[in-house]
Amino acid sequence: MPTPLTPISPELRRVLELVNTLDFDPPADRLGTLEEARNWLAQSGLPGDLKSEGERERLVALRQAIRPMLEANAGHGDPVQAWAGLEPFAASSPLYVRPGVDPSLSPAGSGLPATIATVLATVYDAARAGTWRRLKLCRESTCAWAFYDESKNGSGTWCSMRVCGNRNKARRRRERSRPTS
Ligand SMILES: [Zn+2]
């Protein structure tokens, strides 16, 4: 019997939602202004808050550093280089091991460092659990939505086969039927 797929954890879903604060279709950025970013963070389930425009920019930079990692998970780009993009966030986001029967990584600071540390701890946990590789960016370039690949063998490439997969197939059909004069 095939092993059941691990569903996305609430923590990993928060990372997914952070990436999807940027939408291309139609274009929208929920972290676009300090007020918007504060509101988003307050309802995100992530700890911490934003004190300045500089901190908003840092949260956006974290999001942009995660995107290439999800591209790499989808088979595009260099995963080593993508992971290196998290390096600038690691040093200033302290974590400690919370002891217990099921020990976990927890943020040691507050404010934005706690937000970033929580995201890093989640990425670490997901990488250990084997679920990180299922977090991907949709292959449809006009979409680029982050999604959790729930296909049995983890080979999904579109956020939703019904929408983007079919959109992609229709375009390829159009391209094939175009006269080649
Ligand atoms: Zn898509």
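Bear in mind these aren't lab numbers, they're just calculated from the coordinates by the rules spelled out. Because the structure is a prediction, the values reported are computed rather than measured. Counting neighbours? That spans all protein chains shown, and the Cβs are built from the backbone with ideal geometry, glycine included.
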Suppose R0 equals 22 Å; then what is the FRET efficiency for Glu150 and Asn20 from their Cβ-Cβ distance, rounded to the nearest 0.05?
-> 0.85
Stokes-Einstein translational diffusion, the range 10-133 - Kirkwood Rh over all Cα pairs, 1.567 mPa s, 4 °C, in µm²/s | 87 µm²/s
With a cut-off of at most 14 other beta carbons within 10 Å, and DSSP calling the residue loop, which GluC sites (Glu not before Pro) in the range 131-181 qualify? Please list them.
-> Glu150
To the nearest 10 degrees, the tilt of helix 34-44 (Cα long axis) against the first principal axis of the alpha carbons of the chain is 90 degrees
For the range 118-127, Karplus-derived ³J(HN,Hα) couplings (6.51, -1.76, 1.60; θ = phi - 60°; whole Hz; x for glycine and proline) come out as 5, 4, 5, 5, 5, 4, 4, 4, 5, 4
Most positive-pole-ward Cα, Ala108, Met161, Ala74, against dipole of the chain from beta carbon charges | Met161
Difference of contour (0.36 nm per residue) and Cα-Cα distance, Thr6 to Asp49 = 12.4 nm
Given unit charges at Cβ for Lys, Arg (+) and Asp, Glu (-), the dipole magnitude of the chain about its Cα centre in debye, nearest 20, is 1060 debye
If the convex hull is drawn through the Cα atoms of the range 95-181, its volume per residue in Å³ | 138 Å³
Computed over the range 1-117, the relative contact order (Cα-Cα under 8 Å, seq sep at least six) in percent reads 20 percent
Return one number: the angle in degrees, 0 to 90 and rounded to the nearest 10, between the long axis of the Cα atoms of helix 166-177 and the longest principal axis of the Cα atoms of the chain.
-> 30 degrees
Sparse-neighbour loop sites [trypsin sites (Lys or Arg not before Pro); the range 82-178; at most 15 other C-beta within 10 Å; DSSP] | Lys152
